[in-house]
1. Of the residues that sit in segment 183-230 and are in contact (Cβ under 8 Å) with a residue 60 or more places away in the chain and part of a strand (DSSP E or B), which one is nearest to D155 (Cα to Cα)?
2. Working only within segment 184-200, note down all residues that are open to solvent by 20 Å² or more (accessible area, probe 1.4 Å), under 21 Å from V97 (Cα atoms) and either modelled with pLDDT of 90 or more or not acidic (D, E) (or both).
3. Restricting attention to segment 132-155, does a residue exist that is under 24 Å from S101 (Cα atoms), modelled with pLDDT under 75 and either in a strand (DSSP E or B) or open to solvent by less than 30 Å² (accessible area, probe 1.4 Å) (or both)?
4. In segment 156-179, which residues are among the polar types (S, T, N, Q) and surrounded by fewer than 17 Cβ atoms within 10 Å (Cβ to Cβ)?
5. So I108 fits all but one of (1) modelled with pLDDT under 80; (2) open to solvent by 60 Å² or more (accessible area, probe 1.4 Å); what number is the exception?
6. What is the number of the single condition among (1) in a helix (DSSP H, G or I); (2) at pLDDT 75 or above that Q119 does not meet?
7. Within segment 215-236, is even one residue touching a Pro at 6+ places or on another chain (Cβ under 9 Å) and either of a type in the set (V, I, T) or open to solvent by 50 Å² or more (accessible area, probe 1.4 Å) (or both)?
Amino acid sequence: MTTNAFESLHCLIYEDTFDAGRWLKQGLPGLSEKPLIRVVSEIKQLEQRLREDDYHLAFLVVSQLEINDFLFIQKLDFCPPFLVCSSNRAVAADAFVLGASGFLSSEIQPKHLSQQIGQLLAKNTMSLGVGQRHRAQMPFIFVKSDYKLVRLNFDDILFVEGLGEYLRIYTDTAKYVVLQSFSRLMEVLPTQQFLRIHRSYLVNLYKINFIQNNVVSVGNHQLPISKSQKKPFLELIEQVGLL
């Protein structure tokens, strides 16, 4: 995505306090020659607009993210890509649990905003045409293991191990062997929360204990980082505000 990639970019901004998204409004013109920006300050207004209108992007500008207040987003039939914006970097983890496509720090300079948003959108391989709205992502998946469908919350997954045609998914309390490929699983997992660090391992960034040299500690396990994956792995950690 490049600067002024859209002649007219339709955006919806939710602010939890008056004019909290001023920095965002200043930077959005860098994405479009004629940005159309609608701002709401109440959650009910946000829900109504998302249900009734089409937008290329939505932004939640918040100091704290109360996930329960925004769970309606996950129940919408369709939802545009949305990003959570805050000066509080601790909000980033909850943002991706909610299903956000990215997190933006309010400290970012307006001149860098379009580049940052473009990188986030490219990483999530989004199509931004109005009328091509995206189904909101649920914070869990169902996997078939031992002849039954098991619900796995994204936040409960420690890491995934490749076993040929099978995958072994580890949580804090159990592990599940499923007949599925890495590529298929990665299509449904949040790309800002999970990253493949080795041809045999996919990890949940928020479950990492520490990183030392070419080893990642997750739970009671020590996992290797391949040379080819180490750079994008560290870049993603920095991007989501964990480094």
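The values are calculated or read from the model by the stated rules, or taken from the named source; none is laboratory data. This one's a predicted model, so the numbers in the text were calculated from it and none came from an experiment. All Cβ positions, even for glycine, are placed from backbone atoms using ideal geometry, and neighbour counts span all protein chains on display. Just the protein is used for accessible areas: all its heavy atoms, side chains included, with ligands, DNA and RNA removed. Shrake-Rupley method; radii C 1.70, N 1.55, O 1.52, S 1.80 Å.
1. Across segment 183-230, the extreme among qualifying residues is V218.
2. Of everything in segment 184-200, those that are open to solvent by 20 Å² or more (accessible area, probe 1.4 Å), under 21 Å from V97 (Cα atoms) and either modelled with pLDDT of 90 or more or not acidic (D, E) (or both) turn out to be R184, M186, V188, T191, L195, R196.
3. Yes, that holds for at least one residue.
4. Across segment 156-179, the qualifying residue is only T173.
5. (2)
6. Of (1) in a helix (DSSP H, G or I); (2) at pLDDT 75 or above, only one is false for Q119: (2).
7. Applying the first criterion (touching a Pro at 6+ places or on another chain (Cβ under 9 Å)) to segment 215-236 yields 215-216.
Retained after the next criterion (residues that are either of a type in the set (V, I, T) or open to solvent by 50 Å² or more (accessible area, probe 1.4 Å) (or both)): 215-216.
For segment 215-236, residues touching a Pro at 6+ places or on another chain (Cβ under 9 Å) and either of a type in the set (V, I, T) or open to solvent by 50 Å² or more (accessible area, probe 1.4 Å) (or both): present.
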